[in-house]
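The values are calculated or read from the model by the stated rules, or taken from the named source; none is laboratory data. Since this is a predicted model, take the numbers as computed values, not measurements. FYI the Cβ positions are ideal-geometry reconstructions off the backbone, even for glycines, and counts take in every protein chain you see. Note: areas computed on protein heavy atoms with side chains; ligands, DNA, RNA excluded. Shrake-Rupley method; radii C 1.70, N 1.55, O 1.52, S 1.80 Å.
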Amino acid sequence: MLTISQSAYTSIRQHGEETYPHECCGVLLGRFDDNGVKTVTRVVRCGNTRADSPHNRYNIDPRELIRIQREGRERGEDIVGFYHSHPDHPAQWSSTDLAEAHWFGCSYVITSVEKGMAVITNSFELTGSDEADKMFVDEATEVS
Ligand SMILES: [Zn+2]
C-alpha cells in the first residue's frame, strides 16, 4: 500500500494538468515501513526529457535522479516510487511503462489527464526478482 498526504497527491495530479498534453513525471521520496506500506514524505517534480515523444513517453534524466536520491538520503528519505501522467489515456500501465520500470518494490503512480483535467490516479507496485519475471501489481493508495 502507498500512503500519501493530500497535498502531495494534489501536487502529482496538478503536475499532470500543467504539462498537458505532454506527460509529466517525478519521484516519490519517503520510507518503506515493515508492514509493506510505503509512505510518501516528499514529491519531487522532474522535467520530461523525452523531447521526441513527450505526449506518450516520459524519462527522468539519470543525473537528476541521482541528485534526488542523494539529497533524499541526506534527509533520511528513500526513493519509494515514481509518477507520470497519461494525457487522454487511461490510468493503466503500458507495456512501455513496464519495460522501462526497474525499481523493484517501488510504486509507479499513473494519473489519467483528460482534456487537461486530472481524472484517475492509480498506483502499481513493481514486483518480481529480475527483468525476466517483473510485473506490475495493483496497489491500494491511501490519501491522508
Ligand atoms: Zn505511462
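Limited to region 23-48, what total is found for residues that are free of Cβ contacts under 8 Å to residues at least 24 places away in the same chain and more than 15 Å from the chain's Cα centre (by Cα)? So the answer is 3. For Asp88, the criteria (1) surrounded by fewer than 13 Cβ atoms within 10 Å (Cβ to Cβ); (2) more than 14 Å from the chain's Cα centre (by Cα) hold in every case but one, which is (1). Taken together, Glu77, Glu71 contain a single residue that is out of contact with any Ser or Thr (no Cβ under 8 Å at 6 or more places or on another chain) and of a type in the set (Asp, Glu), which is Glu71.
Within region 72-105, if we keep just the residues that are of a type in the set (D, E, K, R) and in a loop (DSSP other than H, G, I, E, B), the residue that is nearest to the ligand (Cβ to nearest atom) turns out to be Glu100.
Among the residues making up region 91-116, those that are out of contact with any Phe, Trp or Tyr (no Cβ under 7 Å at 6 or more places or on another chain), among the small types (Gly, Ala, Ser) and either more than 27 Å from Val37 (Cβ to Cβ) or open to solvent by 30 Å² or more (accessible area, probe 1.4 Å) (or both) are Ser94, Ser95, Ala99. Would you check which residues across region 106-122 are more than 14 Å from the ligand (Cβ to nearest atom) and either over 11 Å from Tyr20 (Cα atoms) or assigned to a loop (DSSP other than H, G, I, E, B) (or both) and list them? Within region 106-122, Cys106, Lys115, Gly116, Val119 meet the criteria. Residues that are of a type in the set (Lys, Arg) and open to solvent by less than 20 Å² (accessible area, probe 1.4 Å) within region 29-38 comprise just one, Lys38. Among the residues making up region 77-118, those that are among the aromatic types (Phe, Trp, Tyr) and closer than 23 Å to Ala132 by Cβ are Phe82, Trp93, Trp103, Phe104, Tyr108. Per the conditions (1) polar (S, T, N, Q); (2) away from the ligand (no atom under 16 Å from the Cβ); (3) within 18 Å of Ser11 (Cα to Cα), the sole criterion not satisfied by Thr127 is (3).
Considering region 44-71, the residues that are open to solvent by less than 70 Å² (accessible area, probe 1.4 Å) and part of a strand (DSSP E or B) include one that is farthest from the ligand (Cβ to nearest atom), namely Val44. With respect to (1) surrounded by 13 or more Cβ atoms within 10 Å (Cβ to Cβ); (2) free of Cβ contacts under 8 Å to residues at least 40 places away in the same chain; (3) not in a loop (DSSP other than H, G, I, E, B), the lone exception for Val137 is condition (1). The single residue among Thr19, Thr41 that is of a type in the set (Ser, Thr, Tyr), over 22 Å from Asp138 (Cβ atoms), within 16 Å of the ligand (Cβ to nearest atom) and buried (at least 16 other Cβ atoms within 10 Å of the Cβ) turns out to be Thr19.
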